[in-house]
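The values are calculated or read from the model by the stated rules, or taken from the named source; none is laboratory data. Given the structure is predicted, the values throughout are model-derived calculations rather than measurements. Note that each Cβ is placed from the backbone with ideal geometry, even for glycine, and that neighbours are counted across all protein chains shown. Heavy atoms of the whole protein, side chains included, go into the accessibility calculation; ligands, DNA and RNA do not. Shrake-Rupley method; radii C 1.70, N 1.55, O 1.52, S 1.80 Å.
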Amino acid sequence: MRNIFSKSSKKVDEKDLSLDRLPKHIAVIMDGNGRWAKKRGLPRTAGHKAGIEALREVIRTCSEFHIGYLTLYAFSTENWKRPVDEVSALMQLLVYYLRKEVKELHKNNVKIRTIGDISRLPENSLKEINSAVNLTKNNTGLVVNIALNYGGRNEIINGVKEICQKVKDNEIDIEKIDEHYFEEFLYTKGIPDPDMVIRPSGEFRISNFLLWQIAYSEFWFSNIFWPDFNRESLIQAIIDYQKRDRRFGGIK
Ligand code: IPE
Ligand code: IPE
Ligand code: MG
């Protein structure tokens, strides 16, 4: 049986990467911070801190390869179930990260956006996010979509509600609702669907991430914990992606 885990021990040869067939949109479930820390006898928050280093490297690499969009799952609608201390540490780390990195990201022409219901985030996180989004809004390089208080089901329900309201107000005819119209009501409006979804940490699940958008995405799983994910891991993932035969339901 083929091992679906990428062998992280294998040396990655960058020459195997076809620069003319890169994915336009990569989505990442940044998972495994807690287990990374546990393995080292450290508190879970140390894992989250270490995860920021991986994040930095992945953004830099995507920028370098001129990838169009990078969507990062940072906090799910279900992550509120965690102890308040951990939730608050995650929120403060977000502030710390943005404060520290935003100038550099801006200099590199990165555009920061968010997906998810950010209104529930603490005030100082919201302030930092808004200022980063504002500062970088006219940038034309890599679009970094940070999924915060994001849930795929929640996103779909919100879209349905907005459309129902329009029907109720006689603004649109039901016949107008098709896939294309529906997408206008998602957080990812205007962004192409992810070509690939990367999930490290050894889990094989989607955890409520981009449920609508992943209809034809390629999945890449690995047992590396997120803080250990680096440039090489990303290149390996893209090389593997380039070997896939995407048929979208058709035949060759
Ligand atoms: C991902 O790492 C970070 C968030 C979900 C915010 P985890 O905290 O889920 O790490 P594990 O899965 O417990 O190892
Ligand atoms: C998914 O990871 C959410 C993020 C990485 C932000 P989780 O750790 O929350 O997912 P489950 O609980 O293992 O499915
Ligand atoms: Mg996890």
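Annotation: of all residues in segment 157-199 being among the β-branched types (Val, Ile, Thr) and farther than 28 Å from ILE146 by Cβ, the one that is surrounded by the most Cβ atoms within 10 Å (Cβ to Cβ) is ILE177.
Listed residues LYS111, LYS81, LYS39; which is away from ligand 2 (no atom under 16 Å from the Cβ), open to solvent by 20 Å² or more (accessible area, probe 1.4 Å) and basic (Lys, Arg)?
On the way: LYS81 fails: away from ligand 2 (no atom under 16 Å from the Cβ); LYS39 fails: away from ligand 2 (no atom under 16 Å from the Cβ).
Only one candidate qualifies: LYS111.
With respect to the stated conditions, TYR97 fails to be among the hydroxyl-bearing types (Ser, Thr, Tyr), at pLDDT 95 or above, open to solvent by less than 50 Å² (accessible area, probe 1.4 Å) and within 16 Å of ligand 3 (Cβ to nearest atom). Of the helices (runs of 4 or more DSSP H) contained entirely in segment 137-252, those carrying at least 3 residues that are closer than 29 Å to LYS81 by Cα and within 16 Å of ligand 2 (Cβ to nearest atom) fall at 152-168.
When each of ILE238, ILE251 is tested for being loosely packed, with under 13 Cβ neighbours inside 10 Å, more than 16 Å from ligand 1 (Cβ to nearest atom) and of a type in the set (Val, Ile, Thr), the lone residue that passes is ILE251. Would segment 10-26 turn up any residue that is within 16 Å of ligand 1 (Cβ to nearest atom) and surrounded by 18 or more Cβ atoms within 10 Å (Cβ to Cβ)? Checking segment 10-26: not a single residue is within 16 Å of ligand 1 (Cβ to nearest atom) and surrounded by 18 or more Cβ atoms within 10 Å (Cβ to Cβ).
Please enumerate the residues belonging to segment 42-78 that are in a strand (DSSP E or B) and more than 10 Å from ligand 2 (Cβ to nearest atom).
TYR69, LEU70, THR71
For TRP226, the conditions (1) touching a Leu at 6+ places or on another chain (Cβ under 9 Å); (2) open to solvent by 40 Å² or more (accessible area, probe 1.4 Å); (3) not hydroxyl-bearing (Ser, Thr, Tyr) all hold with the exception of (2). Filtering segment 9-30 for residues that are in contact with a Lys or Arg (Cβ under 8 Å, 6 or more places away or on another chain) and touching a residue at least 12 places away in the same chain (Cβ under 8 Å) leaves a non-empty set.
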